[in-house]
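Okay, structure first, notes after.
The values are calculated or read from the model by the stated rules, or taken from the named source; none is laboratory data. Everything numeric here is computed off the predicted structure, so don't read it as measured data. Glycine gets a Cβ as well: all are built from the backbone with ideal geometry, and neighbour counts include every protein chain shown.
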Amino acid sequence: MGLFLLILHSWLRWLVILLGLWAWISAFRHLLGDKQYLPAHRRSGLLFMISCDVQLLVGILLYFVDGWASQWHNFSQTMANATARFFTVEHEVMMILAWILVHIGWSQVKKSSDASRKLSRSVIFFGIALLLILLAIPWPFREVARPWLRTS
C-alpha cells in the first residue's frame, strides 16, 4: 500500500504543477491583456484546487503509512537529520500552506464580482501557492532528492 501511495503521490505532483501553471498563466495573461475572466479561468482554478485536494489526501495517507508521523517521537534526532526533517516537517508545512492559499484564492475569486479583481487574486494566490509547491518538492538535484518519476 505504501509503495502504491508513494508512486501515486509522485505522479500526481505533475498534474498539480501543470494545472497550477495553467491557472496562473491564463490569469496572468488576461490580467495584462483584456482583463476578461472567462469560464476557462474558473475551470483551471477549480481543477488546480481539486488536484491539490487529492494530492493532500494521498500525502496524508502516505505520511502515516510510510511512518513519517512516527518521527515526532524523537524530535531532536528528526530535526538533526536533513531528510527526516524535510519529510516530517518542512515538506508538510509548505504544502499545507500552499493548499490553504489555493483555497483562499479560490474563495476570493468566487466572492469577487470584478473580472480584474478575480484575475489579480488568481495570479497572487495561485502564484504564491505554486511557488511554495515547487520549493517543497524533493527534486532530484536537492539534498533530499527523489526521482523525477517514481516507478518503484
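Does the range 79-89 contain any residue that is closer than 18 Å to L6 by Cβ, within 10 Å of the chain's Cα centre (by Cα) and not small (G, A, S)?
no
A23 versus (1) over 23 Å from I100 (Cβ atoms); (2) modelled with pLDDT of 95 or more; (3) among the small types (G, A, S): which is the lone unmet condition?
With (1) over 23 Å from I100 (Cβ atoms); (2) modelled with pLDDT of 95 or more; (3) among the small types (G, A, S) applied to A23, the lone miss is (1).
Out of S107, S51, report the one residue that is polar (S, T, N, Q) and out of contact with any Leu (no Cβ under 6 Å at 6 or more places or on another chain).
Of S107, S51, the one residue that is polar (S, T, N, Q) and out of contact with any Leu (no Cβ under 6 Å at 6 or more places or on another chain) is S107.
Any chance the range 40-59 includes a residue that's in contact with a Ser or Thr (Cβ under 9 Å, 6 or more places away or on another chain) and either more than 20 Å from V16 (Cα to Cα) or β-branched (V, I, T) (or both)?
no
For the range 125-145, which residues satisfy the criterion of being farther than 13 Å from A98 by Cβ and aliphatic (A, V, I, L, M)?
The answer is V144, A145.
Please work out which residue is nearest to the chain's Cα centre (by Cα), limiting yourself to the range 90-130 and to residues that are buried (at least 19 other Cβ atoms within 10 Å of the Cβ) and either aromatic (F, W, Y) or outside any helix (DSSP H, G or I) (or both).
Among residues in the range 90-130 that are buried (at least 19 other Cβ atoms within 10 Å of the Cβ) and either aromatic (F, W, Y) or outside any helix (DSSP H, G or I) (or both), the one nearest to the chain's Cα centre (by Cα) is W99.
Restricting to the range 131-143, name every residue that is surrounded by fewer than 17 Cβ atoms within 10 Å (Cβ to Cβ) and within 29 Å of P39 (Cβ to Cβ).
Across the range 131-143, the qualifying residues are L131, L134.
Check whether at least one residue in the range 61-79 is modelled with pLDDT under 90 and among the charged types (D, E, K, R), and report yes or no.
Of the range 61-79, the ones modelled with pLDDT under 90 are 62-79.
From the residues that got through so far, the ones that are among the charged types (D, E, K, R) too are 66.
Yes.
Output the residue which, of all residues in the range 20-30 that are in contact (Cβ under 8 Å) with a residue 12 or more places away in the chain and surrounded by fewer than 22 Cβ atoms within 10 Å (Cβ to Cβ), is farthest from I50 (Cα to Cα).
H30
Listed residues P147, P138; which is modelled with pLDDT under 85 and either part of a helix (DSSP H, G or I) or of a type outside the set (S, T, Y) (or both)?
So the residue among P147, P138 that is modelled with pLDDT under 85 and either part of a helix (DSSP H, G or I) or of a type outside the set (S, T, Y) (or both) is P147.
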